[in-house]
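Chemist: Handing you a structure now.
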């Protein structure tokens, strides 16, 4: 069964304290792995798409990496405005869930000034 | 370019009623997917439409249905509402189907009393 597990469930950081969020997955033929950011009461905001192991993408203080079993979202010197829930999703290339996004439960990040 | 729009944003219904939610995708996008988000289950895939045809369907009862119009706008309908249908319903659009990155709307918050 295709599934995505994110850890930790919640993470509290001080401003400037770098850390990483983990997304481990099992999927029938990975088509893509997606990271989204979701603020309370809003829809998920697209951050990155990764397609193959070894791929990395960066945007401001965020960097996403991908291996064959997991992805990491590294946050460097976070600011309070980075506080949000970060969602990881995979898109299967085969099997019953082919094509649709399978989401993890998310990591709720809080950055204190 | 305008993002994905969803109407209404908030809705209160009673058990047994039915509800119709609307989604307008990003201009030029032809694929629309629907997701249900609850605190306990997270984001779960409902169905995907591409060129007015349902491509994929998640594991939800037949009370949940949808359709897509020739202008790519989509509607989803939930009949015989149950308390457990209370959730944030999210619509996402992508240019094509399959590997394309999906962009989410703000969601419709449905409360069933």
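Chemist: How far is it, in nm, from the label point at residue A:5 to the one at residue A:110 when both lie 7 Å from their Cα along the line to the Cβ?
Modeler: Placing both labels 7 Å along Cα→Cβ, they lie 2.5 nm apart.
Chemist: Treat the count of other C-beta atoms within 10 Å as a stand-in for reagent exposure and order B:35, B:89, B:10 from fewest to most.
Modeler: Final ranking by Cβ density, sparse to dense: B:10, B:89, B:35.
Chemist: Estimate the FRET efficiency between residue A:59 and residue B:111 by the formula 1/(1 + (r/R0)^6), using the beta-carbon distance for r and 45 Å for R0, to the nearest 0.05.
Modeler: So the FRET efficiency works out to roughly 0.80.
Chemist: Right, next: Using the 10 angstrom Cβ neighbour count as an exposure proxy, how do B:94, A:18, A:28, A:71 rank, fewest first?
Modeler: The fewest-first ordering by Cβ neighbours comes to A:18, A:28, B:94, A:71.
Chemist: On to the next question. What translational diffusion coefficient, to the nearest whole µm²/s, does chain B have by Stokes-Einstein, given a Kirkwood radius computed over alpha-carbon pairs, a temperature of 4 °C and 1.567 mPa s viscosity?
Modeler: 93
Chemist: Please compute the alpha carbon radius of gyration of the protein assembly as shown, then divide it by the globular-protein estimate 2.2 N^0.38 Å. Two decimals is fine.
Modeler: 1.01
Chemist: Whole number please: convex hull volume per residue of the Cα set in region A:1-82, in Å³?
Modeler: Dividing the Cα hull volume of region A:1-82 by its residues yields 104 Å³.
Chemist: Counting only DSSP beta bridges with both residues in region A:47-113, tell me the antiparallel percent, nearest 5.
Modeler: So the antiparallel bridges amount to about 95 percent of the total.
Coordinate-derived values only; no laboratory data. Computed from a predicted structure; not experimentally measured. Cβ: placed from backbone, ideal geometry, glycine included. Neighbour counts: every protein chain shown.
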